[in-house]
Amino acid sequence: MPMNAHDIEALIKRHIPDAEVTIRDLAGDGDHYAATVISEVFRGKSRVQQHQLVYQALKGEMGGALHALALQTSAPQKG
């Protein structure tokens, strides 16, 4: 059963409370999403470490209910 965008966002925010999350359904099938996640916890971490934090938040849903997730992560811009 596919995940919906709200469920993906909720899982990420539960694990990364300050995250600004934007989810887009890429194919309209509930299986292929793009997510942009901005959080202070990413500051000073490599892109791989940032993505690992998001995948941990998704609790193993990748490859199951969530087939594909194009991921962009960053720390907030200072200014």
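The values are calculated or read from the model by the stated rules, or taken from the named source; none is laboratory data. Just so it is clear, the model here is predicted, and its values are computed rather than measured. For accessibility, only protein heavy atoms count, side chains too; no ligands or nucleic acids. Shrake-Rupley method; radii C 1.70, N 1.55, O 1.52, S 1.80 Å.
Of the residues making up region 23-57, those that are at pLDDT 95 or above and of a type in the set (D, E, K, R) are Glu40, Arg43, Lys45, Arg47. The condition (being within 11 Å of the chain's Cα centre (by Cα) and more than 14 Å from Gln56 (Cα to Cα)) is satisfied by just one residue among Asp25, Asp7: Asp7. Entry remark, region 1-55: residues being outside any helix (DSSP H, G or I) and open to solvent by 40 Å² or more (accessible area, probe 1.4 Å) number 20 in total.
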